[in-house]
1. If a residue has to be open to solvent by 10 Å² or more (accessible area, probe 1.4 Å) and within 16 Å of the ligand (Cβ to nearest atom) to count, how many in the stretch 151-171 make the cut?
2. Test each condition in (1) more than 30 Å from Arg365 (Cβ to Cβ); (2) touching a residue at least 24 places away in the same chain (Cβ under 8 Å) for Gly172 and report the one that comes out false.
3. In this structure, is Ala236 among the small types (Gly, Ala, Ser), within 27 Å of Gly378 (Cα to Cα) and open to solvent by 40 Å² or more (accessible area, probe 1.4 Å)?
4. Residue pairs, Cβ under 8 Å, 6 or more apart or interchain, first in the stretch 98-123 and closer than 15 Å to Tyr81 by Cβ and aliphatic (A, V, I, L, M), second within 16 Å of the ligand (Cβ to nearest atom) and open to solvent by 10 Å² or more (accessible area, probe 1.4 Å). List them.
5. So, in the stretch 92-111, exactly how many residues are open to solvent by less than 30 Å² (accessible area, probe 1.4 Å) and either acidic (Asp, Glu) or touching a Gly at 6+ places or on another chain (Cβ under 7 Å) (or both)?
6. Restricting to the stretch 133-158, name every residue that is part of a loop (DSSP other than H, G, I, E, B) and among the aliphatic types (A, V, I, L, M).
7. For the stretch 19-132, which strands (runs of 3 or more DSSP E) that fit wholly inside it have 3 or more residues that are within 16 Å of the ligand (Cβ to nearest atom)?
8. Starting from residues that are buried (at least 24 other Cβ atoms within 10 Å of the Cβ) and of a type outside the set (Lys, Arg), keep the ones in the stretch 172-181 and report whichever is nearest to the ligand (Cβ to nearest atom).
Amino acid sequence: MQNTSAIPPLVERHKDDLTGLADRVWGMPETLYSEFRSSAEHAAMLRAKGFRVTEGVAGIPTAVMGEAGSGGPVIAILGEYDALPGLSQVAGIDHPQELEEGGPGHGCGHNLLGSAAMLAACAVKDWLEATGTPGRVRYYGCPAEEGGAAKAFMVRDGAFDDVDAAVTWHPGGMTRVDDPLSLANTRMDFHFSGRAAHAAAQPHLGRSALDAVELMSVGVNYLREHMVQDARIHYAYLDAGGKAPNVVQARASVRYSIRALDLHEMLALVERVKKVAQGAALMTETSVEFQMFAAVSNHFENLAMDRVMQQALDELGGVPFDDLDRAYAAKIRGTLSPSDIAAEWSVVNQPPTEAVLCDWVVPMRPNGKVLIGSTDVGDVTWKVPTTEVLVATAAIGTPLHSWQMTAQGLSGAAHKGMIHAAKAMGRVAEILLSDPDRLAEAKAEHARRLALTPYTCPMPPDHKPPLVPQPDAA
Ligand SMILES: [Zn+2]
């Protein structure tokens, strides 16, 4: 295996096209399962770059896949392009100002995420062709990461069945291999049905679905004392049964998000929350139906893959930001609270400095304070050996899902970070495809861990993704 990577100059060859794609996707923010224009842009770019393209992967209209190469192992590079509701924001400024009132925005940087993943795939495609190496690279355009669990559906549908290893990244404030931790998460709706009645004249004839939802909350609040460490339960009312206090509420619905560090612990917790709901129904003489919305698994560690990624990062060094990047990042820093900034430093286990952009590489597994969310990358990590890298694209301390993240989505730092991420991911694919031992090591580790805790899809086999209809092309 060569010690110098052939990937960086190949990334440079395609960077303008893919940076353009990232900017266009930023300008057409689309939320979960409505990424019709963004996925069409991704499909068009894949075709222009000579990939064999499959649209509608796993029956999801906005999922797209492009493949290049032949024979050999299959390396998947995962991208995303969904935006978030309510995070519309003008780019390049340092105060909150909506671009479209109440509109969506790329507050998690997924415009960069998808483009960098495809940029990496373009470089690996060129490298496979130039060297005649047997192997295939696939770009997976995965929609609906934000709450839609598209990758879990894609895994369930077999989209990764013949994949040997997967690579992905996420934009943010620091450059490092991601900690192998995320929470398994089930979003489930509970619909209670009772009987309406005049709340003053005939209250004894009414059976309140709203009471049932409230008693369920009480029961869940007692359950918290007896859950596994790091489990989380949150809820939001979907329907409180109407606005008339003089009518006993015949229907009421609540959505629960039930999370735990381990897939199997989460599945057990979901069953306990269902029992609480049944208890609430019993107490109120109402009935309850459970409706799965979406679910994802936790991140399944693969140390061998993470070591390959750390090697790729160490070879590359930090993102080469310039003074212009630092000047804008300093303005953004002025809008962040000290606790925002301290939180990012605590994750990498270092005392805060005056640095506004991370132009270095954090050592692997810094043993810092872990702030854990959930992602549908989790299900891919259970299916195939996977590594995820975080690459600096924004000022240190910028929270994800914030106006500041949207504002920095077209910046020089964002572009440099996305190109850097492509080089790191492409290098991982290059190593895995040219050194069979490294790939075999990752696969053996995966098999060993899976033998101890087998994967269970967190969604029932007949559960469909919560797709949205395509608006008429007018
Ligand atoms: Zn994200």
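The values are calculated or read from the model by the stated rules, or taken from the named source; none is laboratory data. Values in this document were obtained by computation on a predicted structure and should not be read as measured data. Virtual Cβ from ideal backbone geometry, glycine too; neighbours counted across all protein chains shown. Protein only, heavy atoms only, side chains kept; ligands, DNA and RNA dropped before computing areas. Shrake-Rupley method; radii C 1.70, N 1.55, O 1.52, S 1.80 Å.
1. Of the residues in the stretch 151-171, 1 are open to solvent by 10 Å² or more (accessible area, probe 1.4 Å) and within 16 Å of the ligand (Cβ to nearest atom).
2. All conditions pass for Gly172, except number (1).
3. The answer is yes for Ala236.
4. So the pair list comes out as Leu113/His170.
5. 3
6. Our first condition is that a residue be part of a loop (DSSP other than H, G, I, E, B); within the stretch 133-158, this holds for 133-134, 143-149, 157-158.
Of everything in the stretch 133-158, those that are part of a loop (DSSP other than H, G, I, E, B) and among the aliphatic types (A, V, I, L, M) turn out to be Ala144, Ala149.
7. Where strands (runs of 3 or more DSSP E) fall fully within the stretch 19-132 and carry at least 3 residues being within 16 Å of the ligand (Cβ to nearest atom), they are 74-80.
8. Filtering the stretch 172-181 for residues buried (at least 24 other Cβ atoms within 10 Å of the Cβ) gives 172-173, 175-177.
Add one more test, that the residue is of a type outside the set (Lys, Arg), and what stays is 172-173, 175, 177.
Details: Gly172: 9, Gly173: 13, Thr175: 16, Val177: 17 Å.
Result: Gly172.
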